[in-house]
């Protein structure tokens, strides 16, 4: 197609990205917001906290999206209640904060079998509520990238789903893309380094994963959410995944988590006309994860 001046107006086909909301089941205000965004196709995936206060109630509503979105386990090993006994990591069943877990993992000071048992419990809770295995697995605070935890996760997935492995989210992107976005560069680069090792482990086990990842930021008012997402949408690959945290603040969320107001900023943007405009400008559509190519 050409315009009145004879210029070529044709565009290349739109790139598909997976837009995944974390923390489904954490609190009613989070679950309800994610369900609303799924119903309007503003999201294409969500990661579920099967130990969350709202999980059992909200899972019944999530079932209807099984054929429309990727539904996965948001593996939780920090800050919340474990689903079963973890004598070394959480003697009182209260999972440690990230600042405690990460150094333990980097020193290799975690019990792999203990972790396997908790991963199994969280997967079982997902299956019990939704009646099917997860489409993917990721981690609250990206814990599935950490040493020992990543090994335990691969062990469990290969044992539990030998015929149809879920994909695993990896927080990897090219250094040039991380620098170009200029959003939380240090944290993003650190996770990308961990993700490189995780991706090698997944490849060896035959477990699929996304190619590149966006969504890490500081959860502060500046830069505004729209600017963040414009950068996240810029030049995606064929299997790019973007993480987000939309929600509304309620008393359950206040009691369970410290990430509050930024959830409302993301929810407002994702439900807005501005988000539609930014998708069109970037020539991007929201969709499910395509099958991995050999």
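No lab work stands behind these numbers, since they all come straight from the coordinates. Since the model is a prediction, treat every value here as computed from it, not as a measurement. FYI the Cβ positions are ideal-geometry reconstructions off the backbone, even for glycines, and counts take in every protein chain you see.
So, by mean Cβ neighbours within 10 angstrom, what's the order for 246-253, 44-51, 204-211 with the highest one leading?
44-51, 246-253, 204-211
Please work out which option in (1) 6, 24, 26, 20, 14, 8, 2, 0; (2) 6, 29, 37, 21, 5, 2, 1, 0; (3) 5, 19, 24, 22, 15, 8, 4, 2, 1, 0 gives P(r) over Cα pairs in 10 Å bins from 0, in percent calculated from these coordinates, and answer with its label.
Recomputing P(r) over Cα pairs in 10 Å bins from 0, in percent here picks out (2).
Between residue 272 and residue 193, with labels modelled 7 Å along Cα→Cβ, what's the label distance in nm to one decimal, could you check?
3.6 nm
Run the helix sum for the chain: -39,500 (n - 2.57) per DSSP H stretch of 4+ residues, divided by residue count, reported at 222 nm to the nearest 500 deg cm²/dmol.
It lands at -12500 deg cm²/dmol.
Could you grab the relative contact order for the stretch 15-286? Cα pairs under 8 Å, six or more apart, rounded to a whole percent.
Dividing the mean separation by the residue count of the stretch 15-286 yields 24 percent.
For residue 41 and residue 81, calculate 0.36 nm times their separation in residues minus their Cα-Cα distance, and state this gained length in nm to one decimal. Please report the intermediate quantities before stating the final value.
Numbers: separation 40, 0.36 × 40 = 14.40 nm, distance 3.16 nm.
Net length gain for the segment: 11.2 nm.
Express in nm, to one decimal, how much length is gained between residue 15 and residue 235 on full extension, taking 0.36 nm for each residue of separation and deducting their alpha carbon distance.
This chain segment gains 78.4 nm when fully extended.
Quick check on packing: order 157-168, 228-239 by the mean number of other C-beta atoms within 10 Å, highest mean leading.
Ranked from most to least packed, the peptides come out as 228-239, 157-168.
Apply the a/c threshold of 1.5 to the C-alpha gyration tensor of the stretch 63-198 and tell me whether it is rounded, prolate or oblate.
oblate
Determine the shape class of the stretch 87-154: with a ≥ b ≥ c the square roots of the Cα gyration tensor eigenvalues, call it rounded for a/c under 1.5, and otherwise prolate if a/b is greater than b/c, oblate otherwise.
Prolate, because a/c is 1.5 or more and a/b exceeds b/c.
With a point put 7 Å past each Cα toward its Cβ, work out how far residue 226 is from residue 63 in nm, to one decimal.
Result: 4.0 nm between the two label points.
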